[in-house]
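Enquirer: Below is one structure. I have some questions about it.
The values are calculated or read from the model by the stated rules, or taken from the named source; none is laboratory data. Because the structure is predicted, anything quoted here is derived from the model rather than measured. Cβ coordinates were reconstructed from backbone atoms using ideal geometry, including for glycine residues, and neighbour counts include every protein chain displayed. In case anyone asks, the SASA skips ligands and DNA or RNA and just uses the protein heavy atoms, side chains included. Shrake-Rupley method; radii C 1.70, N 1.55, O 1.52, S 1.80 Å.
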Amino acid sequence: MKPLDHALIENIKQEEINFPKRFASYRETEYGILFYMEDNKDSYDGNHACIFPEKVKDLGGVLDEITAFYRARGIRPSVWHPFVKNYFSDNEKLLNAHDYTYTPQADHRVMLLQEKNRITAPRRMEIRVLNAWDERVATDILIPGGEPWEVAVTRRRASQKGTYLFVGYLDGRAVAYTDIHISEYGNTRFDYIVTAKEHRGKGYASELLSFVVEYCTAHAFPPCWQWAGPSEHICFLAGFREAFSMEAGYATGPEGKS
């Protein structure tokens with residue numbers, strides 16, 4: 001396994017912070033970034049604030065400003081845990097005083113593509129690499145799978161520079177998809193693979209992941225990474241190895257209008 005580059009870790013963190021800019025509106029402030037989607041208020045990824053602790057002079061004032069910003073748009077405020085260890089737990093009393101509830105989560109583990117792909121899935125799907133949206137991703141996968149809020153998010157991502165949309169088809173219907181993003185920060189972010197509900201558990205995600213890894217390797221894309229999760233064993237076969245972790249969790253603000 002190659003030694004870990006500190007600069008790569010920091011660049012991956014920067015890519016993750018800025019990732020929602022690909023599909024959400026946002027306002028940059030002196031203390032962070034406020035992401036919002038007034039046409040998709042149920043999107044977790046599209047409606048949250050990121051704060052930079054080193055730039056926060058008055059956390060209470062920042063929380064009040066965030067609350068006012070999201071309430072004005074009819075969105076419940078949410079602040080993601082910054083990449084500073086124990087920041088929310090150390091400030092939990094202040095969060096509570098401003099009507100925020102901290103929900104801790106296990107650290108998000110990051111896997112880097114460091115080994116050769118060893119997936120041996122048979123090729124059953126017709127896999128296409130797209131640089132534009134295919135509505136079948138919505139009609140065949142997301143909507144029947146109960147994730148309609150992901151349609152607008154994925155559609156907008158697919159049109160962004162540096163994004164590659166991979167879709168697997170059977171008999172003209174979309175079966176599985178994912179997308180990757182070549183970041184301006186010198187890394188390649190893999191998003192999770194989504195399989196049509198009726199085709200889950202049949203190995204199509206493995207087949208698609210194998211294709212994407214080989215495509216990235218053949219095209220010499222910059223370092224590839226993704227979150228570890230339920231399909232970690234498949235990612236391991238594809239050549240991904242756990243490399244480091246990032247702080248996780250979020251603080252949810254008050255509901256309703258001021």
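Enquirer: Place the peptides 151-161, 97-107 in order of packing, highest mean first, counting for every residue the other Cβ atoms within 10 Å and averaging per peptide.
Expert: Details: 151-161: 17.2, 97-107: 14.0.
Top of the packing list down: 151-161, 97-107.
Enquirer: Another one. Given points 7 Å out from each Cα along the Cα-Cβ axis, report the residue 236 to residue 255 separation in nanometres with one decimal.
Expert: The two pseudo-label positions are separated by 4.1 nm.
Enquirer: Could I ask something else about it? With a ≥ b ≥ c taken as the square roots of the eigenvalues of the C-alpha gyration tensor of the stretch 128-258, please select rounded if a/c is under 1.5 and otherwise prolate if a/b is larger than b/c or oblate if it is not?
Expert: Details: a/c = 1.42, a/b = 1.09, b/c = 1.31.
In terms of gyration-tensor shape, rounded.
Enquirer: In deg cm²/dmol and to the nearest 500, what is the mean residue ellipticity at 222 nm of the chain if only DSSP H runs of at least 4 residues count, each as -39500 (n - 2.57), divided by the residue total? Before the final figure, lay out each step's value.
Expert: Working: 7 runs with 68 residues, N = 258.
Helix-only estimate at 222 nm: -7500 deg cm²/dmol.
Enquirer: Tally Lys and Arg at +1 and Asp and Glu at -1 over the other residues with C-beta under 11 Å from the C-beta of residue 149: what net charge comes out? Provide the component values of the computation, followed by the final result.
Expert: Values: positive: 41; negative: 39, 42, 45, 147, 150.
Residues close to residue 149 contribute a combined charge of -4.
Enquirer: Evaluate the relative contact order of the chain (contact order divided by residue number), counting alpha-carbon pairs under 8 angstrom at least 6 apart; express in whole percent.
Expert: Computed over the chain, the figure is 28 percent.
Enquirer: For the chain, what is the convex hull volume of its Cα atoms per residue in Å³?
Expert: Taking only Cα atoms, the chain has a hull volume of 130 Å³ per residue.
Enquirer: Further question on the same structure: Rounded, prolate or oblate for the stretch 1-136? Axes are the square roots of the Cα gyration tensor eigenvalues, ordered a ≥ b ≥ c, and the cut-off for rounded is a/c under 1.5.
Expert: Numbers: a/c = 2.45, a/b = 1.51, b/c = 1.63.
It is oblate, given that a/c is not under 1.5 and a/b is not larger than b/c.
Enquirer: Assuming 0.36 nm per residue, please report the length gained on full extension of the stretch residue 29 to residue 54 beyond their Cα-Cα distance. Walk me through the intermediate numbers first.
Expert: Numbers: separation 25, 0.36 × 25 = 9.00 nm, distance 1.32 nm.
Stretched fully, the residue 29-residue 54 segment lengthens by 7.7 nm.
Enquirer: Moving on to the next point. In nm, to one decimal, how far is the residue 139 label point from the residue 76 one, both placed 7 Å along Cα→Cβ?
Expert: 3.4
Enquirer: Give the shape of the stretch 137-178 as rounded, prolate or oblate, defined through the alpha-carbon gyration tensor: a ≥ b ≥ c are the square roots of its eigenvalues, a/c under 1.5 means rounded, and otherwise the shape is prolate if a/b is larger than b/c and oblate if not. Provide the component values of the computation, followed by the final result.
Expert: Numbers: a/c = 2.89, a/b = 1.23, b/c = 2.35.
Oblate is the answer for the stretch 137-178, as a/c is 1.5 or above yet b/c matches or exceeds a/b.
Enquirer: Next question. Give, in nm to one decimal, the length gained when the segment between residue 99 and residue 128 is fully stretched (0.36 nm per residue of separation minus the Cα-Cα distance).
Expert: 5.7 nm
Enquirer: Under a GNM of the chain (C-alpha, springs under 10 Å), which listed residue has the highest mean-square fluctuation: 186, 168, 61?
Expert: The residue with the greatest mean-square fluctuation here is 61.
Enquirer: Moving on to the next point. Sort 54, 115, 150 from largest to smallest accessible area, using a 1.4 Å probe on the heavy atoms of the protein chains.
Expert: Of 54, 115, 150, the descending order of accessible area is 54, 115, 150.
Enquirer: Using amide H atoms built 1.01 Å from N in the peptide plane, name the residues 5+ places from residue 249, or on other chains, whose amide H lies under 5 Å from its own.
Expert: Amide H to amide H, under 5 Å and 5 or more residues apart or across chains, residue 249 pairs with 81, 105.
Enquirer: Evaluate E = 1/(1 + (r/R0)^6) for residue 215 and residue 85, where r is the Cβ-Cβ distance and R0 equals 30 Å; express this FRET efficiency to the nearest 0.05.
Expert: Numbers: r = 36 Å, r/R0 = 1.20.
The pair residue 215/residue 85 has a calculated efficiency of 0.25.
Enquirer: What do you get for the angle between helix 59-71 and the principal long axis of the chain? Use alpha-carbon atoms, 0 to 90 degrees, nearest ten.
Expert: Taking the Cα atoms of the chain, the angle to 59-71 is about 70 degrees.
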